[in-house]
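Read through the structure below, which is laid out as structure tokens, and then see the notes.
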Amino acid sequence: MKAIVWQGVNQVGVERIPDPELLLPTDAIIKITSTAICGSDLHLLDGVIPSMEKGDVMGHEFMGEVVEVGRDVKRLKVGDRVVVPFNIACGVCDFCQRGLYAACDNSNPNHRMAQALYGATSGSALFGYSHMFGGYAGGQAQYVRVPFADVGPYKIETDLKDEQVLFLTDIFPTGYQAAEQCGILPGRDVVAVFGAGPVGQFAARSAQMLGAAHVIVIDRVPERLAMAEAAGCQTINYEQEDVLVALLESTGGRGPDHVIDAVGMEAHGHGPGHALDMAERVTGMTFDRITALRWAIMSCAKGGTVSVPGVYGGLVDKLPMGAAFGKGLQFRMGQTHTHRYIGPLLSRIEAGEIDPTFVITHRATLDEAPELYKTFRQKHDGCVKVVLNPWA
Amino acid sequence: MNTKAVPPKKLPGTQLPGGERTALGVLGGTLMVSGLGQSGVSRLILLGLGGGLGYMAARGRNPLATALKVDQNAQGDVQVREATTIGKPVDVIYAQWRDLSGLPRIMSHLERVEVLDGRRSRWTAKAPAPMNEVSWEAEITADEPGRRLAWRSLPGSSIENSGEALFRAAPGDRGTEVIVRLTYRPPGGSFGAIAARILGEEPAQQLRDDLMRFKREQELGYNPTVNGQTSGRADAGQRKPAPAAQPEVRRDLGSETHRKGEQ
Ligand SMILES: NC(=O)c1ccc[n+]([C@@H]2O[C@H](COP(=O)([O-])OP(=O)(O)OC[C@H]3O[C@@H](n4cnc5c(N)ncnc54)[C@H](O)[C@@H]3O)[C@@H](O)[C@H]2O)c1
Ligand SMILES: [Zn+2]
Ligand SMILES: [Zn+2]
């Protein structure tokens, strides 16, 4: 089959590799009909998430048709059309039972590494996301092996198009969880979203669905800001204005009640904090650039929430902890517990509350994907979200 | 040797003799240098460990012992401890441990355990070449059903060791907390154990892997795997033999699946 393969830092390519096979009786094989490139994939491309190996298959946002199931698969059948959450969860451990699928105890075969770094047993494995997160081959390919097939894949039984439901695999639940965990008081709370990438776009629209009185989106890419404006959000271009001043002014001096960091560890930025992050990164002492997180903490109103869907991987420095403490902020963060949002968010799509296709700017083939990785990373050509058809 | 694991001293780590102190300083420096040449996770870990070693060597205390959950008691015995919570009732988990001949399924360093009588048993463990295996006789020193099981090697054994497993119900109906403590006398003093640990042969990591594998076997009935999956590498789709420290459980399962068209 054809697949997008990680060939080294800054290098992905299309390769012909063997088709996946069932390895355990609880596995299924899915023929992928649509797959997407995610901002998280850029962290792999840039080499800031450790433990990728040459030859790893990329991709964690995919859907398709079940073509093969293992002996112990009960719920899924050959022919089912499914969306597959990007996290791999066992469904039976204490964390899965509590709906904390991203904290699953049992899905990561390579639990050692995370334990050494994070001081606890590993969280859930992820598709196509480095060996630290399990090393499972991803879904920017024609076929994929899906473990715990009765737990993750969600059947789509209506005639919604792939593009309308594809983002249930990651970015819609991710944006939604980011907004939900703010505990927005409808009609009252103001929410600011740093980052107008796909995650930020869904976070902003989710905040609106959850009743935010006002949503402000911050980025520097005009097309992305325009996309947020189209949904009725206020926008701030942090290259044209002092973002902290602008946020205070937009909220009558209080600051936003909740701030979402939908940027993560590769934040672009300026100022002394950013210079320090870069110096540290060059000397190899830390990976994470935290401009957006600093802004989120500094701008947030007293008693507010800093919600962090943006990915962080290692150590950070000069985090304004005093500001967070002084304002009594609450922090919410982590990988999305995707499994628990797919049903409810599918209902919202079916009810016409949101049409997730708004975010798609590019449609392409697998052969075109390496080029589009670059376009997406450089935010050229108005690129916000790329959807790939592996059979085109 | 004490049957109960001796509580570790209050100081973090263990006191270092002068020679080891110098050696640790050198090792710390070496690790940091090799850390700088690495990428990713190993870099973070090596830099951290290297820095820690240098620092602690200066303070005269064995840092890795603390950082890596290796403790030593006053007699120089090495102790490794690990705990896990398993979503199964206490009596089920206890029964798995009480069946001594089944212990090699849980603890991968063991080759076999033969029960000799109600109290005594013969344990055989894997060992590096040319020995290949070592064995000793052990006795059960405590057996409190559903709470605790303890054992130790009989006097005169080639490897003096003891161990205990504690079981208790996890709060909130979360199954069983299993705490395992193993004590043994390493060949070359504390430094030997530490060096071995860095080489990946240290028992603390092995015990952690073992308990994780045991937990998953209990909760899922198998262990997750990516062994044999496709990739863009030359060995794509080929199953590698499981490393000795991580035997794969129920390896046969994958072959019993059915493919489309064969139903
Ligand atoms: N928590 C999860 O489970 C989860 C799931 C998916 C994605 N993510 C993460 O969410 C983040 C965003 O993903 P995406 O797909 O939208 O990526 P993206 O790279 O397309 O978007 C990031 C946006 O942030 C903007 N940006 C950079 N620095 C900024 C700053 N200082 N202030 C404001 N905006 C800034 C960029 O211009 C870009 O538009 C990534 O870190 C990704 O890994 C997390
Ligand atoms: Zn994603
Ligand atoms: Zn689980």
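Output the residue which, of all residues in region A:52-66 that are open to solvent by 10 Å² or more (accessible area, probe 1.4 Å) and away from ligand 1 (no atom under 16 Å from the Cβ), is farthest from the other protein chains (Cβ to nearest Cβ). Walk me through it before giving the result.
First pass over region A:52-66, keeping only residues open to solvent by 10 Å² or more (accessible area, probe 1.4 Å): A:52-54, A:56, A:65.
Now restrict to residues that are away from ligand 1 (no atom under 16 Å from the Cβ): A:53-54, A:56, A:65.
Details: A:Glu53: 8, A:Lys54: 7, A:Asp56: 6, A:Glu65: 11 Å.
The qualifying residue farthest from the other protein chains (Cβ to nearest Cβ) is A:Glu65.
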Tabulated pairs, region B:156-178, first of a type in the set (Asp, Glu), second open to solvent by less than 40 Å² (accessible area, probe 1.4 Å), C-beta under 7 angstrom, 6+ apart or interchain:
B:Glu160/B:Ser153; B:Glu164/B:Ala5; B:Glu164/B:Arg148; B:Glu164/B:Leu149; B:Glu164/B:Ala150; B:Glu177/B:Ala170
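Hey, which of the strands (runs of 3 or more DSSP E) in region A:298-392, taking only ones fully inside, have at least 1 residues that are open to solvent by 50 Å² or more (accessible area, probe 1.4 Å)?
Details: elements: A:305-308, A:330-333, A:362-365, A:386-389.
Where strands (runs of 3 or more DSSP E) fall fully within region A:298-392 and carry at least 1 residues being open to solvent by 50 Å² or more (accessible area, probe 1.4 Å), they are A:330-333, A:362-365, A:386-389.
If you check A:Ile37, A:Ile17, which single one turns out to be away from ligand 1 (no atom under 16 Å from the Cβ) and either at pLDDT 95 or above or within 14 Å of chain B (Cβ to nearest Cβ) (or both)? Give the derivation first.
Values: A:Ile37 fails: away from ligand 1 (no atom under 16 Å from the Cβ).
Checking each option against the conditions leaves just A:Ile17.
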Tell me which residues, restricted to region A:100-111, are assigned to a loop (DSSP other than H, G, I, E, B) and open to solvent by 10 Å² or more (accessible area, probe 1.4 Å).
A:Leu100, A:Asp105, A:Pro109, A:Asn110
Could you tell me whether any residue of region A:38-49 is in contact (Cβ under 8 Å) with a residue 12 or more places away in the chain, part of a strand (DSSP E or B) and open to solvent by 30 Å² or more (accessible area, probe 1.4 Å)?
no
Considering only region A:64-75, I want to know if a residue exists there that is within 25 Å of A:Met132 (Cα to Cα) and under 23 Å from the mean Cα position of the chain (by Cα).
no
Looking only at region A:187-228, which residues are within 16 Å of ligand 2 (Cβ to nearest atom) and closer than 17 Å to A:Cys300 by Cβ?
A:Gly195, A:Gly200, A:Ala203
Could you list, in sequence order, the residues of region A:112-131 that are crowded, with 24+ Cβ neighbours inside 10 Å and away from ligand 2 (no atom under 16 Å from the Cβ)?
A:Ser122
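Given the residues A:Phe358, A:Phe325, A:Phe376, which is the only one that is aromatic (Phe, Trp, Tyr), closer than 21 Å to A:Ala292 by Cβ, out of contact with any Lys or Arg (no Cβ under 6 Å at 6 or more places or on another chain) and assigned by TED's automatic domain parsing to the domain that holds A:Arg98?
Just a single option satisfies the conditions, and that option is A:Phe376.
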If you take the residues in region B:106-132 that are under 13 Å from the mean Cα position of the chain (by Cα) and touching a residue at least 60 places away in the same chain (Cβ under 8 Å), which one is surrounded by the fewest Cβ atoms within 10 Å (Cβ to Cβ)?
B:His109
Hey, B:Arg233 at pLDDT 95 or above, among the basic types (Lys, Arg) and not assigned by TED's automatic domain parsing to the domain that holds B:Ser108 or not:
yes
For region A:116-127, how many residues meet the condition of being more than 7 Å from chain B (Cβ to nearest Cβ) and assigned to a helix (DSSP H, G or I)?
1
Checking A:Gly200, A:Gly152, A:Gly195, A:Gly187 in turn, the sole residue that is at positive phi, small (Gly, Ala, Ser) and within 16 Å of ligand 1 (Cβ to nearest atom) turns out to be A:Gly195
What are the pairs with Cβ atoms under 8 angstrom where one residue, in region A:53-69, is on the phi > 0 side of the Ramachandran plot and the other, located anywhere, is within 16 Å of ligand 1 (Cβ to nearest atom) and assigned to a loop (DSSP other than H, G, I, E, B)? Sequence gap at least six, or different chains.
A:Gly59/A:Gly128; A:Gly59/A:Gly138; A:Gly59/A:Gly139; A:Gly59/A:Gln140
For A:Lys31, the lone unmet condition from (1) buried (at least 21 other Cβ atoms within 10 Å of the Cβ); (2) closer than 23 Å to A:Lys385 by Cβ; (3) within 13 Å of chain B (Cβ to nearest Cβ) is (1)
Since A:Ala116 meets every condition but one in (1) without any contact (Cβ under 8 Å) to a residue 12 or more places away in the chain; (2) in contact with a Lys or Arg (Cβ under 6 Å, 6 or more places away or on another chain), which condition does it not meet?
(2)
Looking across region A:74-84 at residues that are in contact with an Asp or Glu (Cβ under 6 Å, 6 or more places away or on another chain) and within 12 Å of A:Val151 (Cα to Cα), the single one that is most open to solvent (accessible area, probe 1.4 Å) is A:Lys74
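The values are calculated or read from the model by the stated rules, or taken from the named source; none is laboratory data. Owing to the predicted nature of the structure, the values given are computational and were not obtained by experimental measurement. Glycine also receives a Cβ, built like all others from the backbone with ideal geometry; neighbour counts cover every protein chain displayed. Heads up: the accessible areas ignore ligands, DNA and RNA and are worked out on the full protein's heavy atoms, side chains in. Shrake-Rupley method; radii C 1.70, N 1.55, O 1.52, S 1.80 Å.
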